[in-house]
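No value in this document is a laboratory result; all are computed from the given coordinates. Nothing here was measured: the structure is a model prediction, and the numbers come from that model. FYI the Cβ positions are ideal-geometry reconstructions off the backbone, even for glycines, and counts take in every protein chain you see.
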Amino acid sequence: MRPFFNTSDVFISPFEEPHGSKLKIAEAMAMAMPIVSTPQGIRGFDLTHAQSVMLARNSQEFAAYCIELLNSSDQRERLGQAARQKALETIDWQVLGKKLRQIVEDTFATLATSQNATRNFK
């Protein structure tokens, strides 16, 4: 995907269903691409309209935001960097690894506690 991102100025995600190519949104965020999306297209990501993404609620807004970003390199840079920062804070492998490790540790702690309680009960 990198060659496509490298030759593009804006990433567009016109999904109307709350499923689809979420991995592509994550890739665009990680590569500091400015994103124009529907709310459904970014569902599950901590992105905010006009700060880290442009959210279009209809075809006219979608087209207008795409044109706006294509005409403003400063705005593309600002949105792309904000999306990248969100990616680093929320979906970076280091962050996800820490969350997974905590889940595993909590699960083992809960299992150990319940096993001890069961032994004490007998």
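What the table shows:
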quantity: Rel. contact order, % - alpha carbon contacts under 8 angstrom, at least six apart, the range 1-90; calculated: 34
quantity: Whole-angstrom gap from the range 26-45 to the range 90-105, using each part's C-alpha centre; calculated: 21
quantity: Label of the coordinate-derived value, volume of the Cα convex hull per residue in Å³, listed as [x] 105; [y] 142; [z] 125; calculated: [z]
quantity: Charge-dipole axis of the range 43-101 as Lys and Arg at +1 and Asp and Glu at -1 on Cβ define it, positive-most pick from H49, S73, V95; calculated: V95
quantity: Inter-site label distance for H49 and K99 at 7 Å from Cα along Cβ, in nm; calculated: 2.5
quantity: On Cα atoms only, tilt of 73-90 relative to the major axis of the chain in degrees; calculated: 10
quantity: Pairs of Lys in the chain closer than 20 Å at Cα, counting only those 8 or more apart or on different chains; calculated: 5
quantity: Candidates L79, L88, L23, ranked by Gaussian network fluctuation over the chain, Cα under 10 Å, top entry; calculated: L23
quantity: Charged-residue dipole, Cβ positions (Lys, Arg, Asp, Glu), the chain about Cα centre, Debye nearest 20; calculated: 620
quantity: Mean ellipticity per residue at 222 nm, deg cm²/dmol - from DSSP H runs of n ≥ 4 across the chain, formula -39500 (n - 2.57); calculated: -19500 deg cm²/dmol
